[in-house]
1. Would you confirm, using the coordinates I've provided, whether ILE150 is outside any loop (DSSP other than H, G, I, E, B) and either in contact with a strand residue (DSSP E or B) (Cβ under 9 Å, 6 or more places away or on another chain) or away from the ligand (no atom under 16 Å from the Cβ) (or both)?
2. For a quick check of your reading of the model, give me the residue pairs whose first member lies in the stretch 186-204 and is surrounded by 15 or more Cβ atoms within 10 Å (Cβ to Cβ), whose second is aromatic (Phe, Trp, Tyr) and not in a helix (DSSP H, G or I), with beta-carbon atoms closer than 7 Å and at least 6 apart or on different chains.
3. Might you let me know whether the stretch 177-193 holds any residue that is within 16 Å of the ligand (Cβ to nearest atom) and acidic (Asp, Glu)?
4. Could you tell me whether LYS203 is under 25 Å from PHE92 (Cα atoms) and charged (D, E, K, R)?
5. Could you grab me the full set of residues in the stretch 33-56 that are over 18 Å from the mean Cα position of the chain (by Cα), surrounded by fewer than 18 Cβ atoms within 10 Å (Cβ to Cβ) and either part of a loop (DSSP other than H, G, I, E, B) or in contact (Cβ under 8 Å) with a residue 40 or more places away in the chain (or both)?
6. Of everything in the stretch 66-78, what is surrounded by 21 or more Cβ atoms within 10 Å (Cβ to Cβ) and either more than 21 Å from HIS212 (Cβ to Cβ) or under 13 Å from the mean Cα position of the chain (by Cα) (or both)? Give them in sequence order.
7. Exactly one of these conditions fails for SER217: (1) within 16 Å of the ligand (Cβ to nearest atom); (2) surrounded by fewer than 22 Cβ atoms within 10 Å (Cβ to Cβ); (3) more than 25 Å from ALA6 (Cβ to Cβ). Give me its number.
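What follows is calculated from the coordinates using simple rules that are stated; it is not laboratory data. All values derive from a computational prediction rather than experimental measurement. Counting neighbours? That spans all protein chains shown, and the Cβs are built from the backbone with ideal geometry, glycine included.
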Amino acid sequence: MITAEAFRQLTLSLQGTQTTLIAVSKLKPASDIEALYHLGQRDFGENYVQELVEKQAQLPADIRWHFIGHLQSNKVKYLAPFVHLIYGVDSFRLLSEISKQGEKCGRQIPCLLQLHIASEETKFGMDEKEMIELLEHYEAQRAQLGHVRIDGLMGMASFTADEEQIAAEFRNLRAMFELARQSYFLGQEHFRVLSMGMSGDYKIAIAEGSTHVRIGSLLFGQRR
Ligand SMILES: *Cc1c(COP(=O)(O)O)cnc(C)c1O
């Protein structure tokens, strides 16, 4: 069940900001997506490849699908024909695979680099040094990577009630975004996505300059 009232409030609060709402529908039925679609939402986020492929096949063709989960290189091919934006790129290997699959589909696939900004340990996401290494590698091989496009960065703050810590982590991500833009994408309009903020911290993220908030439970209720 979707929460139509939460959607209205969220849409209202984003009006006049530069922020796009990504409705995160992972583990929720297609009927929930349809309900939000009928209220005007077009951008949906999913975490699991098979689930996304199944939903894409049965839902309206003008939905923009954002893959926000961890993507294994061997599964890029299933998303390549239709995905709107791939989040969570944290290796050169994955970046090259996206370009390879983009070429097969005759399209350039937009993606975001995932940065690790939280205090919790996780195997996903790069630190600043790894980001720079990846971008150097990318710059050197750009001619061979014509079917992938880096549109910006994404990251997740710590799971904590400390709002000052969350704000500081988002500021850190924004600083890395500016660094990447200045050093590698100056004058390239497509590098403009800074995706941060979820149900619990999206207000802080917007205040810190988020362009794409990813919101699940606030719209669809708790997941099982
Ligand atoms: C699940 C998920 C979200 C949405 O989380 P909520 O707390 O339900 O809003 C956002 N981003 C990523 C990467 C996720 O995996």
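1. Numbers: outside any loop (DSSP other than H, G, I, E, B): yes; either in contact with a strand residue (DSSP E or B) (Cβ under 9 Å, 6 or more places away or on another chain) or away from the ligand (no atom under 16 Å from the Cβ) (or both): yes.
Judged against the criteria, ILE150 is a match.
2. So the pair list comes out as PHE191/PHE185; SER195/TYR87.
3. Here is the first cut: in the stretch 177-193, the ones within 16 Å of the ligand (Cβ to nearest atom) are 193.
Filter once more, so that each one left must be acidic (Asp, Glu): none.
Looking through the stretch 177-193, none of the residues is within 16 Å of the ligand (Cβ to nearest atom) and acidic (Asp, Glu).
4. no
5. Result: LEU39, GLY40.
6. Residues of the stretch 66-78 that are surrounded by 21 or more Cβ atoms within 10 Å (Cβ to Cβ), as a first pass: 66-68, 71, 76.
Correct list: HIS66, PHE67, ILE68, LEU71.
7. For SER217, the exception is condition (3).
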